[in-house]
Amino acid sequence: MFNNIQSSTKKSKSIIKPISLVLILSLGMTFIYFAISSFALLSDNITRFQRQTREKMRFQVVDNYFGDDERIFFDSKDNIIRLKQMYNALTSDERYDFVVSTIQPIGVKNFSGSEKFKNMYERGIHIEDVVIDGEEYSIIKSLQYNRELLESYNLSLSDGRYPQDDEYTYNREASVPILLGSDYKGTYYLGDTIELDYIGLRIRGAVIGFLEEDEYIFDQDSIVYLNRFLLIPSLNFDGLPNDKLEKGYQLRIYLQKVNGTIETNTLNANDLQKIINEITYNSNLKAFSVIGANNINLSILNMQANELFVISSLIGSLIIIYIISLVSSLVEVELRTNTRRYAIELLCGMSLMRLRQIIIIKILIFVSMALMISLFSIYMINGYLNHISILILSSFIISVIVSIKPLTYVGNINIAQEIRRRI
Amino acid sequence: MNNLYKNNCRTLLFLTFVIVSTLSIILINYTNYLNTENKISQGFYSNNTVFFRTDYKKMTTTYEALVSKGEDCILFREFGLNYDIRGIYYKGNIEQPKLREGRFLKATDFYNNRKVAVVGQGIMQDDNDRTINLFGNEYEVIGILGVERPSLYDQMIFFNIDSIDLDNIEEGLWAIDGNSNTEIMSNFDIVKDHIRSNGGNVDILEVKQHGVVDMLKYNIVNIGILTIIVVLFSLSSIYVSQLWFDHKKQEFAVVKLVGYESSKKVIFNIIKEFISIATAGASGSILFILILNILGISQIKIDASVIISGMIIIVFCSSMVIPPAISFYNLEVRELLLGEN
């Protein structure tokens, strides 16, 4: 009985330590996985931000119609034709990208969402719903965009699809494709129909997709997060307006469209002003101005993000070095406790090669068990498994680093001293 | 070899405490740094700020209610289109925005017929002229906002909110911030109760300030990663402590066998040695960080919160060795010697 108790005590002792070691190793590997996958994600996001702020210069095209000029222009008969001509010229020039990002609130009939989607909500201002033709419309935040905006900002969808090319053109018979910000999830669903009033144009929209959370665009010198926005294409109109109402909204829509942003990495403000002057001259329009977008705030954010990334990477690396050093030291200590046993095995005729194989197998078993626990933990935390290659690679590297010292150490065991010391 | 192993064990224990303490101090600093940077990028709004809107016109009385009943807090009213011009009321001991020079607003600046402002370093062009014009009135500039590099603070203006006619301002965005969520909510309740008891309406607004962390679309210091790190640090400290303790068993057995000292005293000495190593490790890490700071390699702050955190780590790890110490107090010398392997 005494022997049984003794052996069970010994057994429990011999189990607790390896289990702790496997736990430390699995926690370490889980950290390495999260650290590396997080930094890959951060790096992507910073690169994306930098592409927007550093690699591309952004210039705002601004009309100069004020006061009497504006009134005269609005009264002229061919104003829409001239604006369309200018818009076509702006979008067909391959030397730059012409991005339309009009932030213009839109009326939504019988809106069922919360007040946070309404215009001016973040300014603490409550805007009452308006009644149009006996129907109640809420004025909500909206963005009108062209295809270049989706490409330029690489806006990602969590559900649904992007609009097709022909859906950027107004078709009385078809629904306008609506993309919704992430906060709209649960308020509307894919395929829902929404009645809209867009500066006088009554349209039926269909929800075709939801943006990922925290997708953003730049508006002058600030970031506009689209979580609470309803996005529709900045519509093109094929024909000329049939009546005064149509003329009214087409005129305003095209005027908004031509006040877009030019993105270029080759042309400067002077080059662009010349191009715009030529376009407006050909379109018989009053000269538009080209204003270099002020990027101070965006640059500050960029700088902050970079600094934060560098510091985070440094700290992540320090912890990874700690984990690897700790695990290799602990494995070495663990193996050193077996020195006498190895000495006896060598004395009894076991070859050094065989002993090394046993140690490698032992380490591989440790690492494999830790890998399994890590995979399980990651699955429990994330709900899915991806980038498994990071874990496999890190477990391989850890195995190699951890094996180096013990393998050289067993070659230098002084058998006589080890046996004599214990007898 | 055995001595070397024992020394290795002690060194490993010491190094573990040095490294764990150093990394813990770095992590505490890093978390503070992230919060500060995020707050700067959110124009001094924190993640706990409560935003609200009211139709109540007599905000002066609301302010008075807050003065008499409220805890430490800061009350904001937005006036700028880009959240950059802000009237404030400030009470008690609240974190202030970073200043390049001068001072932030203090209690005596409010309701003292003063017009004072703290402005961003990008706004002040003339060093000799310490005034700015706001809403047609001249304000004395008492402090310059900003950090060592360009930041969103550079274009911000804070002024004492009582300098304008509070009872006749248009609907707009109000906000309350403070040291903790509990304090903020308690102050908001005072504001809300006062307004409602006087027939006004007040609505909490879901206004989210997006800072640099949102821009990165990933919160690096998330609770999951922090938990992994804390458990990892604790487990590794406990493991190494246990390892060191195992090697003290033989010493304990020999002393007990010889009858040189009482068992209690031996255990006490072992725990004392452990705490000395742990304290030396923690002190070593502080010294290491101080040297890095002096050499200009790092700017890691070592303040009371950091030292308290370090002490908690040492006490926590020390408490881990007490159960095994007590457990082998009851063991026979023979068992201790047998269990040495």
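The values are calculated or read from the model by the stated rules, or taken from the named source; none is laboratory data. This structure is a prediction, so every number in the text was calculated from the model and none was measured. We place every Cβ from the backbone using ideal geometry, glycine too, and count neighbours over all the protein chains shown.
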- [ ] Find all pairs meeting these conditions: Cβ atoms under 8 angstrom apart; at least six residues apart or on different chains; first residue within region B:136-162 and free of Cβ contacts under 8 Å to residues at least 40 places away in the same chain; second residue crowded, with 20+ Cβ neighbours inside 10 Å and assigned to a loop (DSSP other than H, G, I, E, B).
- [x] B:ASP154/B:GLY146
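Based on what the data block shows, is A:TYR254 in contact with a His (Cβ under 6 Å, 6 or more places away or on another chain) and either crowded, with 20+ Cβ neighbours inside 10 Å or over 22 Å from A:MET57 (Cβ atoms) (or both)?
No, not satisfied.
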TODO: Give the number of residues within region B:43-56 that are within 11 Å of chain A (Cβ to nearest Cβ) and crowded, with 20+ Cβ neighbours inside 10 Å.
DONE: 3
- [ ] Name every residue in region A:334-365 that is more than 46 Å from the chain's Cα centre (by Cα) and of a type in the set (A, V, I, L, M, F, W, C), in order of residue number.
- [x] A:ALA343, A:ILE344, A:LEU346, A:LEU347, A:CYS348, A:MET350, A:LEU352, A:MET353, A:LEU355, A:ILE358
TODO: Can you confirm whether region B:258-280 contains a residue that is surrounded by 19 or more Cβ atoms within 10 Å (Cβ to Cβ) and within 22 Å of B:THR31 (Cβ to Cβ)?
DONE: no
Open item on the list: Which of the strands (runs of 3 or more DSSP E) found entirely inside region A:71-118 contain at least 1 residues meeting this: over 28 Å from A:ILE140 (Cα atoms)?
Closed with: A:97-99
Task: Candidate set from region A:352-381 (those that are farther than 19 Å from A:LEU330 by Cα and aromatic (Phe, Trp, Tyr)); member that is surrounded by the most Cβ atoms within 10 Å (Cβ to Cβ) - done: A:PHE376
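Find the residue count for region A:31-60, including only residues that are assigned to a strand (DSSP E or B) and either surrounded by 21 or more Cβ atoms within 10 Å (Cβ to Cβ) or not polar (S, T, N, Q) (or both).
Number of matching residues: 3.
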TODO: Just need a number here: residues in region A:381-423 that are touching a residue at least 40 places away in the same chain (Cβ under 8 Å) and of a type in the set (Gly, Ala, Ser).
DONE: 4
Task: Residue check for B:VAL207: closer than 27 Å to A:LEU155 by Cα and at the interface with chain A (Cβ under 7 Å from one of its Cβ atoms) - done: yes
Task: Unmet requirement for B:SER46, which otherwise passes all of (1) at pLDDT 85 or above; (2) among the small types (Gly, Ala, Ser); (3) more than 20 Å from B:TYR90 (Cβ to Cβ) - done: (3)
Task: Within region B:133-169, tally of residues that are part of a helix (DSSP H, G or I), charged (D, E, K, R) and at the interface with chain A (Cβ under 10 Å from one of its Cβ atoms) - done: 1
TODO: Just name the residue that is nearest to B:GLU37 (Cα to Cα) out of those in region B:170-192 that are surrounded by fewer than 19 Cβ atoms within 10 Å (Cβ to Cβ) and within 11 Å of chain A (Cβ to nearest Cβ).
DONE: B:GLY172
Open item on the list: Need the failing condition index for A:GLN256 against (1) away from chain B (no Cβ under 14 Å); (2) free of Cβ contacts under 8 Å to residues at least 24 places away in the same chain, just the number.
Closed with: (2)
TODO: Could you list, in sequence order, all residues of region B:85-108 that are in contact with an Asp or Glu (Cβ under 9 Å, 6 or more places away or on another chain) and closer than 19 Å to B:ASN133 by Cα?
DONE: B:ILE85, B:ARG86, B:GLY87
Open item on the list: Given the criterion within 12 Å of another protein chain (Cβ to nearest Cβ), under 30 Å from A:ASN338 (Cβ atoms), in contact with a helix residue (DSSP H, G or I) (Cβ under 9 Å, 6 or more places away or on another chain) and of a type in the set (A, V, I, L, M), identify the matching residue among B:LEU81, B:LEU13, B:LEU34.
Closed with: B:LEU13
Open item on the list: Condition first: without any contact (Cβ under 8 Å) to a residue 60 or more places away in the chain and either of a type in the set (Lys, Arg) or assigned to a helix (DSSP H, G or I) (or both). Now tell me which residues in region B:275-302 satisfy that.
Closed with: B:ILE275, B:SER276, B:THR279, B:SER283, B:LEU287, B:LEU290, B:ILE291, B:LEU292, B:ASN293, B:ILE294
Task: Within region B:32-51, considering residues that are polar (S, T, N, Q) and under 16 Å from B:GLU183 (Cβ atoms), the one farthest from the chain's Cα centre (by Cα) - done: B:THR49
- [ ] Evaluate the following for A:TYR137: is it touching a residue at least 12 places away in the same chain (Cβ under 8 Å), touching a Gly at 6+ places or on another chain (Cβ under 8 Å), assigned to a loop (DSSP other than H, G, I, E, B) and not hydrophobic (A, V, I, L, M, F, W, C)?
- [x] no
Open item on the list: I'd like to verify a number: residues in region A:279-322 that are under 15 Å from B:ILE19 (Cβ atoms) and either among the hydroxyl-bearing types (Ser, Thr, Tyr) or facing another protein chain (nearest Cβ under 7 Å) (or both), how many?
Closed with: 5
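Yes/no matrix, rows are residues, columns are (1) at pLDDT 95 or above; (2) touching a Ser or Thr at 6+ places or on another chain (Cβ under 8 Å):
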{"position": "A:ARG228", "(1), (2)": "yes, no"}
{"position": "A:GLY260", "(1), (2)": "no, yes"}
{"position": "A:THR264", "(1), (2)": "no, no"}
{"position": "A:GLU278", "(1), (2)": "no, no"}
{"position": "A:ASN282", "(1), (2)": "no, no"}
Task: Qualifying positions in region A:305-317 - touching a Ser or Thr at 6+ places or on another chain (Cβ under 9 Å) and within 14 Å of A:MET29 (Cα to Cα) - done: A:GLY316
TODO: For region B:111-130, indicate whether the set of residues that are acidic (Asp, Glu) and crowded, with 16+ Cβ neighbours inside 10 Å is non-empty.
DONE: no
Task: Only one of B:VAL213, B:VAL191 that is among the hydrophobic types (A, V, I, L, M, F, W, C), part of a helix (DSSP H, G or I) and out of contact with any strand residue (DSSP E or B) (no Cβ under 9 Å at 6 or more places or on another chain) - done: B:VAL213
- [ ] Out of A:SER289, A:SER299, report the one residue that is more than 21 Å from the chain's Cα centre (by Cα) and not basic (Lys, Arg).
- [x] A:SER289
